[in-house]
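Read-outs: derived from the displayed coordinates by stated rules, not from any lab. Keep in mind that what you see is a predicted model, and the values were worked out from it rather than measured. So basically every Cβ, Gly included, is an ideal-geometry build from the backbone, and we count neighbours across all protein chains shown.
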Amino acid sequence: MTDAFAQIAALNARYARCIDDGALAEWPDFFCERCLYKVTTAQNYNDGLEAGLIYADSRAMLVDRVSALGEANIYERHAYRHILGAPFILAQDDAGTRAETSFLVVRIMRDGTSDVFASGRYVDVVRLDGDALKLAERIVVCDSSRIDTLLALPL
């Protein structure tokens, strides 16, 4: 197991725990100041289409998204539980480490109903930002083109 593998696996575990535990105010801290966070479908990703269901190109945009979740958006209360695969290191260079990690997200509704909400892979560029490993890019590639309209929380 390489050092990059272990560090990215730990980053992903902290990331998932942050969302699953409802600590959304801390979620933007996983990203570099200048970053890309996008949620898209496998078909759009494979076709090279840039538009995403969610698109943010800075940590400030992620902070705004979290603020809107707490203040402006109205959605049925729910929670996620992330199940993550092991990261696969694609490349390492001066720009950072490129990696892919499979995910499965179960959504738990207020009434206790649990359903598979999304499956797919994270396509990441991870780099050191100061002394911390952060996401410079996270493209959430969902396997299905059917995305529930209740995509409120980050994946």
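A quick yes/no check of all residues on (1) surrounded by 16 or more Cβ atoms within 10 Å (Cβ to Cβ); (2) part of a helix (DSSP H, G or I); (3) touching a strand residue (DSSP E or B) at 6+ places or on another chain (Cβ under 6 Å); (4) without any contact (Cβ under 8 Å) to a residue 40 or more places away in the chain:
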site: 6; (1), (2), (3), (4): no, yes, no, yes
site: 12; (1), (2), (3), (4): yes, yes, yes, no
site: 16; (1), (2), (3), (4): yes, yes, yes, no
site: 22; (1), (2), (3), (4): no, no, no, no
site: 26; (1), (2), (3), (4): no, yes, no, yes
site: 32; (1), (2), (3), (4): yes, no, yes, no
site: 36; (1), (2), (3), (4): yes, no, yes, no
site: 45; (1), (2), (3), (4): yes, yes, yes, no
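Is there a residue in the stretch 94-107 that is at positive phi, outside any loop (DSSP other than H, G, I, E, B) and more than 15 Å from the chain's Cα centre (by Cα)?
Within the stretch 94-107 (the criterion being at positive phi, outside any loop (DSSP other than H, G, I, E, B) and more than 15 Å from the chain's Cα centre (by Cα)), the answer is yes, since at least one residue qualifies.
Of all residues in the stretch 80-93 being under 15 Å from the mean Cα position of the chain (by Cα) and not in a loop (DSSP other than H, G, I, E, B), which is surrounded by the fewest Cβ atoms within 10 Å (Cβ to Cβ)?
83
Residues are listed down the side, and each one gets a yes or a no for (1) buried (at least 20 other Cβ atoms within 10 Å of the Cβ); (2) of a type outside the set (Phe, Trp, Tyr); (3) within 15 Å of residue 16 (Cβ to Cβ):
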residue	(1), (2), (3)
103	yes, no, yes
115	no, yes, no
138	yes, yes, yes
151	no, yes, no
